[in-house]
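One structure is given here, and the rest of the page talks about it.
The values are calculated or read from the model by the stated rules, or taken from the named source; none is laboratory data. None of these values were measured; they are calculated from a predicted model. Glycine also receives a Cβ, built like all others from the backbone with ideal geometry; neighbour counts cover every protein chain displayed.
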Amino acid sequence: MGALITILAISCQSQDRYIIISGFAQGGVYTVKLNLNGQDGMIDAKPEEIKDSIDHILSGIEASLSGYNRNSLLSRFNDGETIRPDTYFTDMYSQAYRFYETTGGAVDVAAGPIFDLWGFGFKSSSVPEDGQIDQAKLTSGMKRLCKDIHAVIAENNGNLCSRDIIETSVTDDALPQLNFNAIAQGYSCDVVASYLYSLGVKDMMVDIGEIFCDGKNPSGGQWSLGIDRPKDGNDTPGADLQGIFKVPEGPHGIVTSGNYRKFYISEGRKYAHTIDPRTGRPVTHNLLSATIVAADAMTADAYATYCMVIGLEDARNFISSSEELEGCLVYDENGIFKTWCSEGFLLEDINADL
């Protein structure tokens, strides 16, 4: 991994010392901004040590949870091998099952065969036949799997094979195919943030594709994030914005999910990468992107995906009914970008008619 550590700024308090740490992880670049002046004075760890630890954390998560790394625990598990799962793997599975239940199956990490079938998983594909979709729905999903992975591992002396987590009531012999993409980056942000908290860091922004932040920015104010305009071809984050979000005080995960960067066109029809596991098909509604703010990035990640699955009206009702979430939905109305924000989501500089 490449190394980058930069002194960012001196804030309004002379003892504050912000740095930027950057590197490569999960197929992209991560950036961490933090104040070396922590809760109880200056952080003891040197910037180089902090970067090494962050790199180690992210490498460990990739070695555990990446479906693109053929030697990862996840890939070996999906291939039917017996693995010795680490904490990352068991945490991810347990949290994924929780989101499966709270979303009524709309967020389902065991729908890997359906994602692969449409070419949005770990395999290339094209538009499938109805029969292929029906078969994939029958032989995939968390509905087939045990909820308590720790109990299964304990019964197998710390080991785990994909066959072990299939419910005894399941009659087919299809092996589970897990895909943690819907929550893995948010989870990675939370793990890195947890490490920074352990050092005593109070002001931070962790950006690994998804974002977690807390405390103040280098100017002593709120962290600000740009919400990208969800139009086809807007592939560079920050290049074309729908608005600027001022993050409230306190710890928050902020995640945007959308269909405008991952899609393909077959026979003149656009197929979005958001798949509804319950139908086995890409969504077709007018919601273009959903930005969710939650107490942690993994929760924001999961519910941003959930909103993209259920569509504008249901997503608006879901966010409005939650005391723990805030959100911003960008949608298409007769070819015009429109924006809806919850009461606590303050978006600045909106020009929704462009």
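Brief remarks on what is shown
- Here residue 302 qualifies as within 18 Å of the chain's Cα centre (by Cα), of a type in the set (A, V, I, L, M) and at pLDDT 95 or above.
- Residue pairs meeting the criteria (Cβ under 6 Å; at least 6 apart or on separate chains; first modelled with pLDDT of 95 or more, in the stretch 79-93; second among the charged types (D, E, K, R) and outside any loop (DSSP other than H, G, I, E, B)): 83/76
- Among the residues of the stretch 135-147, the ones that are touching a helix residue (DSSP H, G or I) at 6+ places or on another chain (Cβ under 8 Å) and in a loop (DSSP other than H, G, I, E, B) come to 4 in all.
- Criterion violated by residue 35 - all others in (1) out of contact with any helix residue (DSSP H, G or I) (no Cβ under 8 Å at 6 or more places or on another chain); (2) free of Cβ contacts under 8 Å to residues at least 60 places away in the same chain; (3) under 22 Å from residue 205 (Cβ atoms) satisfied: (2)
- Any hit, the stretch 197-208, residues being of a type in the set (A, V, I, L, M, F, W, C) and part of a helix (DSSP H, G or I): yes
- Test: residue in the stretch 186-202 that is at pLDDT below 95 and small (Gly, Ala, Ser): no
- On the stretch given as the stretch 1-44, residues that are among the aliphatic types (A, V, I, L, M), modelled with pLDDT of 90 or more and surrounded by fewer than 17 Cβ atoms within 10 Å (Cβ to Cβ) total 2.
- One residue from 266, 320 being surrounded by fewer than 22 Cβ atoms within 10 Å (Cβ to Cβ), at pLDDT below 85 and not β-branched (Val, Ile, Thr): 266
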